[in-house]
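One structure below.
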Amino acid sequence: MENCGAWADQVMEKIRKKIAWVSEKNREVIPYTTDADRNYDNRADQNRDWNQDDGLNWWTNGFWGGIQWLLYQDTREETYAETARISEYRLEACFEQFYGLHHDVGFMFLPTAVADYRLTGNPRSRRTALHAANLLAGRFNPAGRFIRAWNDAEDADRRGWAIIDCMMNICLLYWASEETRDPRFRQIAMMHADTAMEHFIRPDGSANHIVEFDPETGEEVRSHGGQGYAEGSSWTRGQGWAVYGFVLSFLHTGKQEYLDTAKRAAHYCMANIPESGLIPIDFRQPEEPALEDSCGACVIACGLLELANCVPEPEQDMYRRAAVKILKAIEENRADWSEDCDAIVQDCSGAYHDTSHHMTMVYADYYFIEAIYKIKKEGILLW
Ligand code: GLY
């Protein structure tokens, strides 16, 4: 694609400059979002209750390490590896606490322990990552052939809940089988992916966020709107998890149906990308309020770029163009390159019905950076 490489080079220069000082400033923390002063918060703060979702067990706590490893593999500067390891080693304490852990051990330990092991061969990281993979495999429900997402909440029995996001987490299982030569992890991952193909992806390529199964019989009970607008709607970040997750399952297994499913999900996304390139929280939300999610945008872009690598020309170009349109919209309208804010990507939203929207989220920065490396055809795949 014309000029795209030159554009990506310029953006990468800005990323290197910004992440250099942001990492130095935040060596000791594990950030999720920025506070009122636009400084990063700290999910590893000892005063937080680790058994609560927003403490050390918070599902996004792997992305700070992931950003460091992305920059390390690019620059080979040891400082990034050191910062990554501070968060990686802190996360080990989650295993002792145990109760707060969930299926997002994939998001937590792939960009930290697995990345460390892949890049440096650190034996401590291998042990941590295998420990996490065993915990994830232990959440498998054989009757429904799905991985249970979350633990019960006071008001919710979630024994039978699976969510589309888990398509990213199962990469931890693929890695564990590749690493140990024990096929059980991959078998569980593929059974979950097969269930997701059947129960999450609708005929038009859009995806449910949550599907609830009977935990005893495995029968589907219903779907939930989850972080999207409503049941039957189309939470955009979930569409991104579907595109990227099925491409990754194809890459790890070679199963053609996963690639076909990723394409269906991708075409649904491409047909719904607004003219502005800025992505709403839900492709089926009402026009007003015009809520956005730049984080979902970056996830969709990563999925499309990885999909492009799996198909011949001219399909490749079609997916790349769609991804670049999204990323340019972020870079031109939603990126903060100044020293006034620790985060780059602005206007991210956790869920449609949250009380606050349009914040920063560390994993938006992570996926934005990953996407720019993908355009440059550089960098390792951490999934
Ligand atoms: N995995 C949860 C989310 O995307 O918000």
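The values are calculated or read from the model by the stated rules, or taken from the named source; none is laboratory data. Fair warning: this is a prediction, and the values are worked out from it, not measured in the lab. Every residue, glycine as well, gets a Cβ built from its backbone with ideal geometry; the counts of neighbours run over all protein chains shown. Side chains included, ligands, DNA and RNA excluded: accessible areas come from the protein's heavy atoms. Shrake-Rupley method; radii C 1.70, N 1.55, O 1.52, S 1.80 Å.
Structure notes:
- Taking the criterion of being touching a Phe, Trp or Tyr at 6+ places or on another chain (Cβ under 9 Å), part of a strand (DSSP E or B) and surrounded by fewer than 23 Cβ atoms within 10 Å (Cβ to Cβ), the residues of the range 213-229 that qualify are Glu220, Val221, Ser223, His224.
- Test: residue in the range 135-156 that is within 16 Å of the ligand (Cβ to nearest atom) and within 26 Å of Ile86 (Cα to Cα): yes
- Meets criteria (within 30 Å of Thr75 (Cα to Cα) and among the aliphatic types (A, V, I, L, M)) for Leu136: no
- Checked against (1) in a helix (DSSP H, G or I); (2) touching a Leu at 6+ places or on another chain (Cβ under 7 Å); (3) of a type outside the set (Phe, Trp, Tyr), Met318 passes all but condition (2).
Yes/no matrix, rows are residues, columns are (1) farther than 19 Å from Met12 by Cβ; (2) open to solvent by 10 Å² or more (accessible area, probe 1.4 Å):
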| residue | (1), (2) |
| --- | --- |
| Phe63 | no, no |
| Leu70 | no, no |
| Gln73 | no, yes |
| Glu77 | no, yes |
| Arg85 | yes, yes |
| Glu88 | yes, no |
| Glu92 | yes, yes |
| Phe95 | yes, yes |
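- When Ile300, Ile330 are checked against the criterion of being within 15 Å of the ligand (Cβ to nearest atom) and β-branched (Val, Ile, Thr), a single residue qualifies: Ile300.
- Filter pass, Tyr99 being of a type outside the set (Lys, Arg) and crowded, with 20+ Cβ neighbours inside 10 Å: no
- Residue in the range 35-46 that is of a type in the set (S, T, N, Q), assigned to a loop (DSSP other than H, G, I, E, B), under 30 Å from Asn141 (Cα atoms) and modelled with pLDDT of 95 or more present: no
- The set of residues in the range 171-194 being in contact with a Leu (Cβ under 8 Å, 6 or more places away or on another chain), farther than 13 Å from Val114 by Cβ and within 16 Å of the ligand (Cβ to nearest atom) is empty.
- Across the range 132-177, the qualifying residues are those that are touching a Gly at 6+ places or on another chain (Cβ under 6 Å) and in a loop (DSSP other than H, G, I, E, B), and the one among them that is surrounded by the most Cβ atoms within 10 Å (Cβ to Cβ) is Ile164.
- Test result for Phe200, open to solvent by less than 10 Å² (accessible area, probe 1.4 Å), modelled with pLDDT of 95 or more and not basic (Lys, Arg): yes
- A residue that is within 16 Å of the ligand (Cβ to nearest atom), under 17 Å from Asp165 (Cα atoms) and part of a helix (DSSP H, G or I) occurs nowhere in the range 270-292.
- Yes/no for Glu306 being open to solvent by 10 Å² or more (accessible area, probe 1.4 Å), of a type in the set (D, E, K, R) and within 23 Å of Pro203 (Cα to Cα): yes
- Checking Ser249 against (1) within 26 Å of Ser177 (Cβ to Cβ); (2) in contact with a strand residue (DSSP E or B) (Cβ under 9 Å, 6 or more places away or on another chain); (3) in a helix (DSSP H, G or I), the condition it does not meet: (2)
- Pairs, first among the hydroxyl-bearing types (Ser, Thr, Tyr) in the range 283-310, second away from the ligand (no atom under 16 Å from the Cβ), C-beta under 7 Å, six or more apart: Ser294/Ile330; Ser294/Arg334; Ser294/Gln346
- Any hit, the range 253-267, residues being open to solvent by 30 Å² or more (accessible area, probe 1.4 Å), touching a residue at least 60 places away in the same chain (Cβ under 8 Å) and in a loop (DSSP other than H, G, I, E, B): yes
- Filtered by the rule that a residue be within 12 Å of Glu292 (Cα to Cα) and either part of a loop (DSSP other than H, G, I, E, B) or of a type in the set (Val, Ile, Thr) (or both), the range 346-359 gives Gln346, Asp347, Ser349, Gly350, Ala351, Tyr352, Ser356, His357, His358.
- Of the residues making up the range 344-370, those that are among the hydroxyl-bearing types (Ser, Thr, Tyr), in contact with a strand residue (DSSP E or B) (Cβ under 8 Å, 6 or more places away or on another chain) and more than 10 Å from the ligand (Cβ to nearest atom) are Tyr352, Thr360.
- Among (1) surrounded by fewer than 18 Cβ atoms within 10 Å (Cβ to Cβ); (2) in a helix (DSSP H, G or I), the one test that Ala129 misses: (1)
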